[in-house]
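Enquirer: I'd like to ask you about the structure that follows.
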Amino acid sequence: MKKLIKFKGVITLLAITMLVFGCDLELNPSYEFDTTQNLEDPFDEITAWEWIQTRTALNDEGNFSGDEMNYFIEAIKAAGMVDEYNQMDTTDRTYLLLSNNAFTGGGDIIQLVTGSRNVPDGETPAETMARANLDKLRTILKYHIVTTYVNQVPVLFQAELDYVFQTLIPGDDGRIAFWRDARYNVTINRNSAPLPSSATSQNERISRYNYIFNNGIGHVINDPVRNKPY
């Protein structure tokens, strides 16, 4: 009982202290919403191709930044697929935008289309793509264009469920699966079950989401994806 009385006394003392000293605290200024902020999509008046061409900045050391798209630009040109990213016939497309990292790692695009991941010193992305197997390069790029507009919501409405779509590659070889977790992170080809049973898939989580263009939507990935070997 003495401990209970002592505890109540401490609570009472704290309440009195807060009452005395709390009165001197200044009120926070009221928040005023800035109605001049532009909340619209900043790229909705340009095509995917026009946006991709802006992603060429070098890093602080003067090298190609892994987050930019120098190799992607030259790959699209070499494959003769500029019109696919610049087309205005439909807005129901999802472009999986391939960063430099998707080209330069082991097993990534440069190795897939040239047979070697090593890029000679001083070789430009255009020169690298000039060495590429163009049929294979076109196949890779076509698999990274989905013929449905796919955003996190409402398209991927239910979490932890595979949503299967079609890419520019026809038939089973062109099927691609999107999977979203409860935090709205999206992984491409996370499970092999929705894809062809013989698939040797390669999955990748999207790193940057929802670039709204006037000819579709884009998501950036740092590794290429597939449902079978290219």
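The values are calculated or read from the model by the stated rules, or taken from the named source; none is laboratory data. What you see is a predicted model; the values in this text were computed from it and never measured. Heads up, the Cβs are rebuilt from the backbone with ideal geometry, glycines too, and the neighbour counts pull from every protein chain shown. The accessibility values were calculated without ligands, DNA or RNA, using every heavy atom of the protein model including side chains. Shrake-Rupley method; radii C 1.70, N 1.55, O 1.52, S 1.80 Å.
Enquirer: I want to verify the translational diffusion coefficient of segment 70-118 in µm²/s; compute it with Stokes-Einstein, Rh as the Kirkwood radius over Cα pairs, at 25 °C and 0.890 mPa s.
Expert: Numbers: Rh = 12.0 Å.
Once the numbers are plugged in, D ends up at 205 µm²/s.
Enquirer: So who's got an amide H within less than 5 Å of the one on ILE46, skipping anything under 5 residues away but keeping other chains? H placed 1.01 Å off N, in plane.
Expert: ASN214
Enquirer: Would you compute the Debye intensity of segment 48-221 from its alpha-carbon atoms alone, equal scatterers and no solvent, and pass along log10 I(q)/I(0) at q = 0.20 Å⁻¹ to two decimals?
Expert: At q = 0.20 Å⁻¹ the computed log10 ratios are -1.47.
Enquirer: Kindly write out, for segment 220-230 in residue order, the coupling ³J(HN,Hα) from the Karplus curve 6.51 cos²θ - 1.76 cosθ + 1.60 (θ = phi - 60°), rounded to whole Hz, with x marking Gly and Pro.
Expert: Once θ is set to phi - 60°, the couplings for segment 220-230 become 8, 10, 9, 8, x, 10, 6, 10, 7, x, 6 Hz.
Enquirer: Let me ask something else. Might you tell me the accessible area per residue for segment 117-230, computed with a 1.4 Å probe and given in Å²? Mind showing how you got there, number by number?
Expert: Numbers: 5460 Å² over 114 residues.
On a per-residue basis, segment 117-230 sits at 48 Å².
Enquirer: Continuing with the same structure: For segment 48-221, what % of the accessible area comes from carbon and sulfur atoms, probe 1.4 Å? Write out the running numbers ahead of the final one.
Expert: Working: 3440 of 7960 Å².
Carbon-and-sulfur percentage of accessible area, whole number: 43.
Enquirer: If contacts are Cα pairs under 8 angstrom and at least 6 residues apart, what is the relative contact order of segment 119-230 in percent?
Expert: Numbers: 187 pairs, mean separation 22.7, N = 112.
Worked out over segment 119-230, it gives 20 percent.
Enquirer: Let me ask another. Output wanted: per-residue J couplings in Hz (rounded whole) for segment 78-88, from phi through Karplus 6.51 cos²θ - 1.76 cosθ + 1.60, θ = phi - 60°, x for Gly and Pro.
Expert: Coupling constants for segment 78-88: 4, 7, x, 10, 4, 4, 5, 8, 10, 5, 10 Hz.
Enquirer: State, to one decimal in nm, how far the label point of ALA159 lies from the label point of ASP121, with both points 7 Å from Cα in the Cβ direction.
Expert: 5.0
Enquirer: Distance between the C-alpha centers of segment 68-89 and segment 91-115? Whole Å please.
Expert: 12
Enquirer: For a quick check: with amide H placed at 1.01 Å from N, whose amide H comes under 5 Å from LEU156's, ignoring anything fewer than 5 positions away on the same chain?
Expert: Amide H neighbours of LEU156, under 5 Å, 5+ apart: ASN151.
Enquirer: Treating segment 130-195 as a set of equal point scatterers at the Cα positions, no solvent, please give the Debye-formula log₁₀ I(q)/I(0) at q = 0.13, 0.20 Å⁻¹.
Expert: Summing over Cα pairs of segment 130-195 leads to -0.40, -0.79.
Enquirer: To check you understand DSSP bridge types, tell me what percent of the beta bridges within segment 48-221 (both residues inside) are antiparallel, rounded to 5.
Expert: Details: 18 of 23 bridges.
The answer is about 80 percent antiparallel.
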